[in-house]
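The values are calculated or read from the model by the stated rules, or taken from the named source; none is laboratory data. Owing to the predicted nature of the structure, the values given are computational and were not obtained by experimental measurement. Every residue, glycine among them, receives a Cβ derived from its backbone with ideal geometry; neighbour counts consider all protein chains shown. In case anyone asks, the SASA skips ligands and DNA or RNA and just uses the protein heavy atoms, side chains included. Shrake-Rupley method; radii C 1.70, N 1.55, O 1.52, S 1.80 Å.
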Amino acid sequence: MKIGIFGGTFNPIHYGHLRAAEEVRERFELTKIIFIPSKNPPLKTQDLLDSVHRYKMTELALSENSFFEISDIEFKRQGKSYSVQTLEELRSIFHGTTLYFILGIDAFLEIPTWWQAERLISLVDFIVISRPSFRFADLLSSPYISASKNDLEKLDKAELELYITTLKGNRSIIAFRIPLIDISATEIRRRVREGKSIKYLLPESVESYIISNRLYKS
């Protein structure tokens, strides 16, 4: 069994998240992908909606895909939501299962600022996916990856679909090029504040939840 782990604030979850997860699930034949809304992220606090609303929106968005699940694992812990603790717990729950931590290029490059980063990169394998305004060649700046500049540049030029190498902690990392859907949660929040339409940027159920609960208005 192979399981993808997709964490984030999901503030709010949108089609960019969902399509990226589906691309990864299909290409690597994952059994399922577990979405983990962060209850109390240590780094992202600006304009952050209450965790209960973010969890509910994520739950609504995943309801139509039987391969997608939501986990409240970070809601059961007190204090900050650290990825290293979440991954350690998941390894215990899914003992003997191959776990893939799915991150965008931007998030992977932030790992050196995360709590117990050295420990984190030794826990599971990684799938790093395309992100607007970032290049796979940017991964060369990470202290945890030894990669071929030529191959990463081929990914950026769409001459390769994926590139596999090894992390410092001896775990594998797959750099995977996916079609970019340039939807931003920041842009969605701005549009709501300005009274503009957010239709077709996220599932209708999430749009209805935002409107009915008057979220992101101030």
statement: By residue number, the members of the stretch 1-37 that are of a type in the set (Ser, Thr, Tyr) and either farther than 21 Å from Pro132 by Cβ or open to solvent by 60 Å² or more (accessible area, probe 1.4 Å) (or both) are Tyr15, Thr31
- request: Among residues belonging to the stretch 126-140 that are open to solvent by 20 Å² or more (accessible area, probe 1.4 Å) and out of contact with any Leu (no Cβ under 7 Å at 6 or more places or on another chain), point out the one that is modelled with the lowest pLDDT.
  value: Ser133
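I'd like the residue in the stretch 106-116 that is open to solvent by 10 Å² or more (accessible area, probe 1.4 Å) and not in a loop (DSSP other than H, G, I, E, B) and, out of all such residues, is farthest from Thr186 (Cα to Cα).
Initially, the stretch 106-116 is screened for residues open to solvent by 10 Å² or more (accessible area, probe 1.4 Å), giving 106-107, 109-110, 112-116.
Then keep just the ones that are not in a loop (DSSP other than H, G, I, E, B); that gives 106-107, 109, 112-113.
Working: Asp106: 15, Ala107: 16, Leu109: 20, Pro112: 24, Thr113: 22 Å.
Looking at the filtered set, the residue picked out is Pro112.
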- request: Among residues belonging to the stretch 55-97 that are polar (S, T, N, Q) and surrounded by fewer than 14 Cβ atoms within 10 Å (Cβ to Cβ), point out the one that is nearest to Leu201 (Cα to Cα).
  value: Ser63
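Of everything in the stretch 121-163, what is basic (Lys, Arg) and part of a loop (DSSP other than H, G, I, E, B)? Give them in sequence order. Before you say what the answer is, go through the steps one by one.
Initial filter on the stretch 121-163 (basic (Lys, Arg)): 131, 135, 149, 154, 157.
Answer for the stretch 121-163, where residues must be basic (Lys, Arg) and part of a loop (DSSP other than H, G, I, E, B): Arg131, Arg135, Lys157.
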task: Determine which single condition Ser51 fails, assuming it passes every other condition in (1) open to solvent by less than 50 Å² (accessible area, probe 1.4 Å); (2) within 14 Å of the chain's Cα centre (by Cα).
output: (2)
Pairs with Cβ under 7 Å, 6+ apart, first in the stretch 189-208 and part of a loop (DSSP other than H, G, I, E, B), second β-branched (Val, Ile, Thr): Ile198/Ile188; Ile198/Val192; Leu201/Ile183; Leu201/Ile188
- prompt: When you go through (1) in contact with a helix residue (DSSP H, G or I) (Cβ under 6 Å, 6 or more places away or on another chain); (2) under 29 Å from Asn11 (Cβ atoms) one by one for Ile174, which number turns out not to apply?
  reply: (1)
field: Qualifying residues in the stretch 172-188 (those that are closer than 23 Å to Ile145 by Cα and not in a loop (DSSP other than H, G, I, E, B)) - the one most open to solvent (accessible area, probe 1.4 Å)
entry: Ser172
message: Residue under question is Tyr100, and the condition is that it be aromatic (Phe, Trp, Tyr), closer than 22 Å to Pro12 by Cα and in contact with a helix residue (DSSP H, G or I) (Cβ under 9 Å, 6 or more places away or on another chain); does it hold?
response: no
